[in-house]
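*Asks:* One structure follows; several queries about it will come next.
None of the figures in this text is laboratory data; all of them are computed from the coordinates on show. Computed from a prediction, not measured in an experiment: that's the story for all the values here. Using ideal geometry, Cβ is built from the backbone for each residue, glycine included, and neighbour counts are taken over all protein chains shown.
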Amino acid sequence: MNDIFHAVFSTQGFVLGTLVPFLFVLTVVVFVHEMGHYLIGRWCGIGVKAFSIGFGPELVGFNDRRGTRWKLCAIPLGGYVKFVGDMNATSSQPSAEEIESLTEAEREVAFHTQPIWKRAATVVAGPLFNFLLTIAVFAVLFSLYGRPVLEPTVAQVTAGSPAEKAGIQPGDRFVKVDGSKVGTFADVQRLVSGRAGDAITFTLLRDGKEIAVTATPEPMEQQDALGNKVKVAVIGVVNNAELGQPRLISYT
């Protein structure tokens with residue numbers, strides 16, 4: 001009996017905690033993407049037969065005054081805009097016979113009879129609207145919650161590193177890198193990462209006083225976010241969340 005309850009509640013947790021949010025986000029992304037195709041297509045004078053969220057059997061729908069069928073379908077794993085002249089799901093070039101089967105009015109607004117710039121604009125509009133959605137989402141998040149950053153404070157110095165040779169100590173706070181002010185640990189990494197072999201002057205705050213030291217970064221092989229091996233310059237200092245005192249940068 002316990003196994004049955006565990007299975008039921010595990011399934012319920014997966015559906016409510018993972019599947020439903022995933023489908024909601026997917027639906028929003030698909031809607032914005034297809035709306036991009038629709039709006040720019042309409043602006044270019046291309047006729048639209050259907051705007052669908054989901055595939056398969058239609059659950060609900062209605063026709064607008066332009067004759068476009070707006071519908072929500074049973075399988076919420078995508079969507080599509082069907083333009084006048086689309087003979088298949090890929091919107092590939094119809095045959096001469098298929099074009100001839102259209103009425104004169106349909107041929108005037110069919111997707112494949114439009115100038116190439118109108119077709120290109122309509123195709124590009126979908127990804128472009130998704131890009132704009134991403135910007136809008138991050139703008140709202142940063143405005144509401146800010147962006148977490150770490151203070152430019154040294155938590156640990158690697159033995160034998162350029163930082164140790166220069167006299168940098170745990171607890172030191174970076175103030176400037178070669179005269180450029182830094183406000184976060186990421187600023188220090190950014191100013192150092194491309195300067196292997198260059199002598200860099202670091203202004204540090206130690207015990208309430210500013211001191212200047214010089215260190216020469218060494219190249220180090222690391223993996224980037226895509227798994228590619230890249231070489232970056234490092235001086236051998238480590239920051240952590242405890243000493244770095246995470247804070248939020250507000251954009252409001």
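*Asks:* First check a/c for segment 98-193, with a ≥ b ≥ c the square roots of the eigenvalues of its C-alpha gyration tensor; if it is under 1.5, answer rounded, and if not, answer prolate when a/b is larger than b/c or oblate otherwise.
*Replies:* Prolate shape, in that a/c is at least 1.5 and a/b is the bigger ratio.
*Asks:* Quick one: net charge around Lys176, please, counting Lys, Arg +1 and Asp, Glu -1 for every other residue with C-beta under 13 Å from its C-beta.
*Replies:* -2
*Asks:* For Gly79, what residues show an amide H to amide H distance below 5 Å, using hydrogens built from the backbone and excluding near sequence neighbours?
*Replies:* Answer set, sorted by chain and number: Gly54.
*Asks:* Further, regarding this structure: Just to confirm my numbers, what's the Cα centroid distance between segment 175-195 and segment 114-140 in Å?
*Replies:* A separation of 36 Å, based on Cα centres.
*Asks:* Report the one residue of Val238, Ser180, Gly208 whose Cα lies farthest in the direction of the positive end of the charge dipole of segment 149-249 (charges on C-beta: Lys and Arg +1, Asp and Glu -1; origin at the Cα centre).
*Replies:* So the residue we want is Ser180.
*Asks:* Please work out whether segment 149-249 counts as rounded, prolate or oblate from its C-alpha gyration tensor, where a ≥ b ≥ c are the square roots of the eigenvalues and a/c under 1.5 means rounded, while otherwise a/b larger than b/c means prolate and anything else oblate?
*Replies:* Because a/c hits 1.5 or more and a/b fails to exceed b/c, segment 149-249 counts as oblate.
*Asks:* Take Glu151, Glu108 and order them by how many other Cβ atoms sit within 10 Å, fewest up front.
*Replies:* Placing the least packed residue first, the sequence is Glu108, Glu151.
*Asks:* Another question about this same structure. Beyond 19 Å between alpha-carbons counts as too far, so tell me which of Lys82/Lys118; Lys49/Lys71; Lys181/Lys229; Lys176/Lys231 fall in that bin.
*Replies:* Long pairs (Cα-Cα over 19 Å): Lys181/Lys229; Lys176/Lys231.
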